[in-house]
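Just so you know, all these numbers are worked out from the coordinates, no wet-lab data involved. Owing to the predicted nature of the structure, the values given are computational and were not obtained by experimental measurement. Note: ideal-geometry Cβ built from the backbone for every residue, glycine included; neighbour counts use all protein chains shown.
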Amino acid sequence: MNIYAVAIPVPLYKTFHYTSDEVLDLGARVEVNFANRRMVGIVWGQTDAHDVEPGILKKLKPVVRVLDQSPIFDETWRALLQWLSEYYQHPLGEVCQTALPVALRKPNGNSQIAAQKYLKLTSFFQSQWDECEDAGVIFKNAGHRVASQQQALFSELAKGPKSFVDIRQGFTKATLDGLAQKSMVTSFEAPIVAGSWQQHADYWANLTHARANVEQALVVTGITSQLEQYGAFLLEGVTGSGKTEVYLQTIANVLAKGQQVLILVPEIGLTPQTVSRFEQRFGIEVGVIHSGLSDAARLSVWQKARAEQIGLVIGTRSAIFTPLPTLGMIIIDEEHDESFKQQDGLKYHARALATMIAHKRNIPLLLGTATPTAESLHNANSGKYQHFTLTQRAGGAVPAALRLVDTSQIPLTAGLADETLKTMQEHLNAGSQVLVFLNRRGYAPAVICQQCGQAQECRACDKPYTYHRAKRKLICHHCTDQVSLVPSCMHCGHANMETEGIGTEQLTAQIDALFPQYNSIRIDSDAMRGKDVLSNTLDAINANDYQILVGTQILAKGHHFANVTCVVIMDVDTALFSPDFRATEKLAQLITQISGRAGRATKPGETLLQTAQPGHPLIQDLLNNGYGHCIRTILHERQANQLPPYTHQALIRAEDPDLNKCLRLLHFAMEQCEQLQSLMLLGPLPCLIEKRQSRYRYQLLLQAEQRGYLHGVLKQLTPSIQAFAQELRIRWSVDVDNIDFS
Ligand code: ADP
Ligand code: ZN
């Protein structure tokens, strides 16, 4: 009989013993009974019977069954998962689960590529297509009415067979059934066809591309000459300087060696436009992984990557867990983006994990951004990263000039100064597009009773509701609670209410009234809901269907609008006074990224920053010296104040409807650390979002000069907090290298 330690997804800091008659592979999934439930665990280690207490030995249960033919996690991945568990103080079983695609978290998920169902045109209709290449004509000749979706799918299939999983990414079942009823298609089963990415070196060398400028060429050759070893590279290149072109040319050199490449991009930056740039350059299938995919589609990419049938994977944060047996390079685009840090469960940073992967596999890691984080710049300064810069916009475009509009003493129309309106008009007159940034969704951020002066608030969060006019709803942006627009005040009952402040919904309406001869479009998560909406809107903007773009954060992520020459940034002053020490860094990144969306060679752009704080040192630094200088100033301040990246932090959060319980848990944690001289404690303090969904949220900050010291403390501390929290029945978490205090 063999005894195995199995990692099971439960919030406990240990593995569990099971027996098996067979010898099991480490890293394989097994189905086990745990507390009367069937669960999927990972075989983590073999244990000698002498190491288990005799009393317990007799009670050990057998593994129910083995789920994989070959282990899911190889030795390298097991070491990485162990590291994640220890570094982020997160239970190993839950770490393993996070690393698995959702479809494999259940016993029936299949890690091998199964034969897939494919669809193709019947030979009769394929020959029809070969004659005229027009689905419309073929439908008409066959006596069918126009059916645009069916015709679109028909045209897709004319290019070759497609798997059902792939088809269902773009088409509904009704469309598919429509073609079947017309007897235009047949289905068949086959294993997935092997990828076509493994080409001769000549193929990659002969791809057509722009000629790299001197700065670009230095980066490409610099990295390419160090492909067979670990190296981290920070590519600091102003927006539009050709970072993506550098990625493309470097990637070609890795693919040419028969090695796979992984590219991580921010959550909202991954659009079909991004993917097609890679597909078009290389002419190969690109595996795409993001949160909007179905579990089946995700699994399909995971399987293909693991079977080396695709060479290039682009994805958001969780794509870092894609198994790529011949991985040759990792790229993180927009490395400053906060979406690379997971905020719940295992609170890992994809950049930190990428560094570990690159280390273990002896491959390069390339971090690209126009606005490097203080952390990454510090690593470049200290020699941990090799530092490359691209200072010029490719193709000769000049960066948008930043201009301040002092709003402290003047009346505003729809939140906009007269000077701003006048400048917008000038750019519109010249045939250009204008982008207006306001990071507040909805119609108005508050509804105030004119009788008692109180805002209508979400009781669960103690925060004002945001008014959404089109939906006729008050929505809490903290917990998504919705209530119908109430005619009378929830506090005093009077029916005399007015909105206060302005959100994107109202701003767009007012801009339509101010500029009636132009089309505007609102780009925020309310307006861009649904598949392909954002992507289609981006296309429409580039086709000049809209002249004025009003939007939130989404606009700051990676999209380039060649015809935008004027960017207006509204209402960012609150960040200047935030208690979060990273707020100024994030604001400088935001302003720089948004203004980077504008301008091309023929039409120089300008950015208007409306602020009531024109004299603020950060604003002045950014205005006069640019982001590169600004972030270096911020680094000096961090050093002077003993803040990260010069020190290391971890945040312990407690959440409960009972405020006292939160405080008890955090005080307990403090007592455990009382004797520690080298640890700085701050708290308990309310989180920036003090209450959410009826739970109070409090935090305790731990800070130490040495990372190793902090981890030593956490290792002792977390199991005892876990035990006490269980006794108190309170929700808690630890966030290592936290990037915010919300
Ligand atoms: P970034 O990723 O830094 O924003 P891109 O790689 O998207 O920059 O480049 C911006 C634009 O400049 C793109 O249209 C790209 O095709 C073009 N470009 C990049 N490098 C060159 C080059 N060496 N010569 C000419 N055009 C280039
Ligand atoms: Zn709420």
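Side notes on the structure shown:
- Beta bridges by DSSP in region 424-582, antiparallel share as percent, to the nearest 5: 50
- Across region 201-384 the C-alpha pair distances fall into 10 Å bins from zero in the proportions 9, 39, 40, 11, 1 percent.
- Both radii were evaluated on the Cα set of region 466-547; the Rg over Rh quotient, with Rh as the Kirkwood radius, amounts to 1.07.
- The charge dipole of the chain, taken about its Cα centre with unit charges on the Cβ atoms of Lys, Arg (+1), Asp and Glu (-1) only, comes to about 1280 debye.
- Sequence of Trp83, Trp77, Trp732 once ranked by neighbouring C-beta atoms within 10 Å, starting from the fewest: Trp83, Trp77, Trp732
- DSSP beta bridge pairing in the chain, given as percent antiparallel to the nearest 5: 55
- The ranking of Glu505, Glu86, Glu189 from fewest to most other beta carbons within 10 Å of each one's beta carbon is Glu189, Glu86, Glu505.
- Alpha-carbon spread of region 600-742, three principal axes, descending order, Å: 66, 36, 28
- Column: log10 I(q)/I(0), Debye, Cα scatterers of region 115-191, q = 0.15, 0.16, 0.19, 0.24 Å⁻¹: -0.45, -0.51, -0.73, -1.16
- Two-decimal Rg/Rh across region 197-252, once Rg and the Kirkwood Rh are taken from alpha-carbon atoms: 0.97
- Where a label projected 7 Å from the Cα of Glu189 along Cα→Cβ would reach, residues of region 302-333 with amide N under 20 Å: 303-304
- Amide H contacts under 5 Å for Lys463, placed H, 5+ residues apart: Cys458
- Restricting the calculation to alpha carbons of region 140-232 gives Rg and Dmax of 22.1, 62 angstrom.
- Taken over the alpha carbons of the chain as equal point scatterers, the Debye sum produces base-10 log I(q)/I(0) values at 0.07, 0.08, 0.11 Å⁻¹ of -0.59, -0.78, -1.46.
- The mean sequence distance of close C-alpha pairs (under 8 Å, at least 6 residues apart), as a share of the length of region 201-384, puts its relative contact order at 31 percent.
- Take the Cα of Ala495, step 7 Å toward its Cβ, do the same at Asp462, and the gap between the two points is 3.2 nm.
- For the chain: relative contact order, % (alpha-carbon pairs under 8 angstrom, 6 or more apart): 10
- Sorting Arg441, Arg707, Arg597, Arg729 by the number of Cβ atoms found within 10 Å of their own Cβ, with the fewest placed first, yields Arg729, Arg707, Arg441, Arg597.
- Percent of alpha-carbon pairs separated by more than 15 Å within region 446-500: 39
- Cα-based convex hull, region 2-105, per residue volume (Å³, whole number): 105
- Binning all Cα-Cα separations of region 602-650 at 5 Å, short to long from zero, yields these whole-percent fractions: 5, 17, 18, 18, 16, 11, 8, 3, 2, 1.
- Pairs over the 31 Å Cα-Cα cut-off, from the set Lys471/Lys531; Lys14/Lys341; Lys117/Lys140; Lys257/Lys347: Lys257/Lys347.
- Taking every DSSP helix (H) stretch of at least 4 residues in the chain, weighting each as -39,500 (n - 2.57) and dividing the sum by the residue count yields a mean residue ellipticity at 222 nm of -10500 deg cm²/dmol.
- With eigenvalues of the C-alpha gyration tensor scaled by 5 and rooted, region 572-672, Å: 37, 17, 12
- Taking region 417-435 and a reference point 7 angstrom along Cα→Cβ of Gln517, the backbone N atoms nearer than 13 Å belong to 425-432.
- Peptides 175-186, 226-237, ordered by how many other C-beta atoms sit within 10 Å of their residues on average, highest first, read 226-237, 175-186.
- Cα-derived Rg to Rh of region 291-410, Kirkwood definition: 1.08
- Expressed to the nearest 5 percent, the antiparallel share of DSSP beta bridges inside region 2-105 is 95 percent.
- Distance between modelled label sites at Asn381 and Ser127, nm, 7 Å Cα→Cβ extension: 7.3
- Placing R0 at 35 angstrom, the Cβ-Cβ distance between His667 and Asn536 gives a FRET efficiency of 0.05 after rounding to 0.05.
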